[in-house]
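S.K.: Just dropping this structure here.
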Amino acid sequence: MLLWPPEVVLAPVDPMMPAGFRWRGRSWDLARATGPERIAPEWWLDDPNWRSGVRDYWVVTTQQGERLWLYYGHGGTMSSGWFCQGSFA
(Lines give C-alpha, C1' and ligand atoms only; values in the text may rest on other atoms or scores of the structure.)
Protein backbone atom coordinates (compact mmCIF):
# COMPACT_ATOMS: atom_id res chain seq x y z
CA MET A 1 0.00 0.00 0.00
CA LEU A 2 1.22 3.48 -0.85
CA LEU A 3 0.15 6.22 1.59
CA TRP A 4 0.22 10.00 1.14
CA PRO A 5 -1.29 13.04 2.86
CA PRO A 6 -5.06 13.22 2.24
CA GLU A 7 -6.02 14.64 -1.17
CA VAL A 8 -9.44 16.16 -1.85
CA VAL A 9 -11.86 14.03 -3.86
CA LEU A 10 -14.67 15.86 -5.65
CA ALA A 11 -17.87 13.99 -4.82
CA PRO A 12 -21.21 14.80 -3.19
CA VAL A 13 -20.88 15.76 0.48
CA ASP A 14 -22.66 12.64 1.65
CA PRO A 15 -21.17 9.73 3.67
CA MET A 16 -22.60 7.15 1.24
CA MET A 17 -20.01 5.95 -1.31
CA PRO A 18 -20.65 7.77 -4.62
CA ALA A 19 -20.97 5.93 -7.94
CA GLY A 20 -18.27 8.18 -9.37
CA PHE A 21 -15.89 10.95 -8.31
CA ARG A 22 -13.13 13.26 -9.55
CA TRP A 23 -9.60 12.98 -8.21
CA ARG A 24 -6.32 14.34 -9.58
CA GLY A 25 -8.17 15.94 -12.49
CA ARG A 26 -9.76 12.70 -13.71
CA SER A 27 -13.20 11.16 -13.46
CA TRP A 28 -13.36 7.73 -11.81
CA ASP A 29 -16.27 5.26 -11.90
CA LEU A 30 -16.87 2.90 -9.01
CA ALA A 31 -16.69 -0.85 -9.66
CA ARG A 32 -16.61 -2.07 -6.03
CA ALA A 33 -16.26 -0.63 -2.54
CA THR A 34 -15.60 -2.35 0.78
CA GLY A 35 -16.34 -0.47 3.96
CA PRO A 36 -16.77 1.63 5.81
CA GLU A 37 -14.29 1.12 8.62
CA ARG A 38 -14.63 3.95 11.13
CA ILE A 39 -11.42 5.37 12.59
CA ALA A 40 -11.35 8.14 15.18
CA PRO A 41 -8.40 10.06 16.65
CA GLU A 42 -7.37 9.72 20.25
CA TRP A 43 -9.72 12.17 21.94
CA TRP A 44 -7.02 13.40 24.32
CA LEU A 45 -4.64 14.54 21.52
CA ASP A 46 -5.00 17.68 19.41
CA ASP A 47 -3.45 16.36 16.20
CA PRO A 48 -3.84 18.79 13.24
CA ASN A 49 -3.94 15.79 10.85
CA TRP A 50 -7.27 14.76 12.41
CA ARG A 51 -9.09 18.09 12.28
CA SER A 52 -11.52 16.44 9.82
CA GLY A 53 -12.91 14.46 12.79
CA VAL A 54 -14.06 10.86 12.61
CA ARG A 55 -13.27 9.15 9.30
CA ASP A 56 -14.99 6.32 7.48
CA TYR A 57 -12.44 4.49 5.29
CA TRP A 58 -13.30 2.50 2.15
CA VAL A 59 -11.22 0.26 -0.12
CA VAL A 60 -12.39 1.24 -3.60
CA THR A 61 -11.83 -0.46 -6.94
CA THR A 62 -12.59 1.77 -9.92
CA GLN A 63 -13.78 0.57 -13.31
CA GLN A 64 -10.47 1.91 -14.62
CA GLY A 65 -8.67 -0.69 -12.45
CA GLU A 66 -7.27 1.51 -9.67
CA ARG A 67 -7.54 0.33 -6.05
CA LEU A 68 -7.72 3.35 -3.75
CA TRP A 69 -8.09 4.06 -0.04
CA LEU A 70 -10.77 6.76 0.30
CA TYR A 71 -12.31 8.21 3.41
CA TYR A 72 -15.20 10.44 4.29
CA GLY A 73 -14.29 12.99 6.97
CA HIS A 74 -17.28 13.84 9.16
CA GLY A 75 -16.28 17.39 9.99
CA GLY A 76 -14.76 18.33 13.29
CA THR A 77 -13.09 21.70 12.74
CA MET A 78 -13.11 21.24 8.94
CA SER A 79 -15.90 20.80 6.40
CA SER A 80 -17.08 17.26 5.77
CA GLY A 81 -16.04 15.57 2.54
CA TRP A 82 -14.20 12.85 0.64
CA PHE A 83 -10.42 12.35 0.52
CA CYS A 84 -7.98 9.86 -1.00
CA GLN A 85 -5.10 8.80 1.23
CA GLY A 86 -3.51 5.87 -0.60
CA SER A 87 -3.52 3.21 -3.28
CA PHE A 88 -2.93 -0.53 -3.43
CA ALA A 89 -0.42 -2.19 -5.77
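S.K.: Here is a check on your reading of the model: is ALA89 among the small types (Gly, Ala, Ser) and surrounded by 12 or more Cβ atoms within 10 Å (Cβ to Cβ)? Outline the logic, then answer.
M.R.: Values: among the small types (Gly, Ala, Ser): yes; surrounded by 12 or more Cβ atoms within 10 Å (Cβ to Cβ): no.
No: the conditions fail for ALA89.
S.K.: Scan (1) closer than 15 Å to PRO5 by Cβ; (2) in contact with a strand residue (DSSP E or B) (Cβ under 8 Å, 6 or more places away or on another chain) for the single condition VAL54 breaks and write down its number.
M.R.: Failed condition: (1).
S.K.: Scan TRP28, TRP4, TRP50 and give me the residue that is at pLDDT 95 or above and surrounded by 14 or more Cβ atoms within 10 Å (Cβ to Cβ). Walk me through it before giving the result.
M.R.: On the way: TRP4 fails: surrounded by 14 or more Cβ atoms within 10 Å (Cβ to Cβ); TRP50 fails: at pLDDT 95 or above.
None of the others qualify; the one that does is TRP28.
S.K.: Another question, if that's okay. Return the total of residues in segment 1-52 being more than 19 Å from GLY76 (Cβ to Cβ), outside any strand (DSSP E or B), under 13 Å from the mean Cα position of the chain (by Cα) and of a type outside the set (A, V, I, L, M, F, W, C). If you could, list the steps in order and put the result at the bottom.
M.R.: Filtering segment 1-52 down to residues more than 19 Å from GLY76 (Cβ to Cβ) leaves 1-4, 10, 12, 16-35.
Next cut, outside any strand (DSSP E or B) only: 1, 12, 16-19, 24-25.
Adding the requirement that they be under 13 Å from the mean Cα position of the chain (by Cα) leaves 12, 16-18.
Restricting the remaining residues to those that are of a type outside the set (A, V, I, L, M, F, W, C) gives 12, 18.
Qualifying residue count, segment 1-52: 2.
S.K.: Would segment 60-69 turn up any residue that is free of Cβ contacts under 8 Å to residues at least 12 places away in the same chain, on the phi > 0 side of the Ramachandran plot and over 9 Å from the mean Cα position of the chain (by Cα)?
M.R.: In the first step, residues of segment 60-69 are kept if they are free of Cβ contacts under 8 Å to residues at least 12 places away in the same chain; the result is 65.
The next check asks that each one be on the phi > 0 side of the Ramachandran plot; those that pass are 65.
Filter once more, keeping what is over 9 Å from the mean Cα position of the chain (by Cα): 65.
Yes - at least one qualifying residue is present in segment 60-69.
S.K.: Looking at GLY75, is it of a type outside the set (A, V, I, L, M), more than 21 Å from PRO12 (Cβ to Cβ) and either under 14 Å from the mean Cα position of the chain (by Cα) or assigned to a strand (DSSP E or B) (or both)? Working first, answer last.
M.R.: Working: of a type outside the set (A, V, I, L, M): yes; more than 21 Å from PRO12 (Cβ to Cβ): no; either under 14 Å from the mean Cα position of the chain (by Cα) or assigned to a strand (DSSP E or B) (or both): yes.
No; evaluated as a whole, the condition is false for this residue.
S.K.: Same structure again: Is segment 53-74 home to any residue that is of a type in the set (Phe, Trp, Tyr) and at pLDDT below 95? Working first, answer last.
M.R.: Within segment 53-74, the first condition is being of a type in the set (Phe, Trp, Tyr), and the residues that meet it are 57-58, 69, 71-72.
Going one step further and asking which of them are at pLDDT below 95, we end up with none.
No: segment 53-74 contains no residue that is of a type in the set (Phe, Trp, Tyr) and at pLDDT below 95.
The values are calculated or read from the model by the stated rules, or taken from the named source; none is laboratory data. Not measured: the values here are computed from a predicted model. All Cβ positions, even for glycine, are placed from backbone atoms using ideal geometry, and neighbour counts span all protein chains on display.
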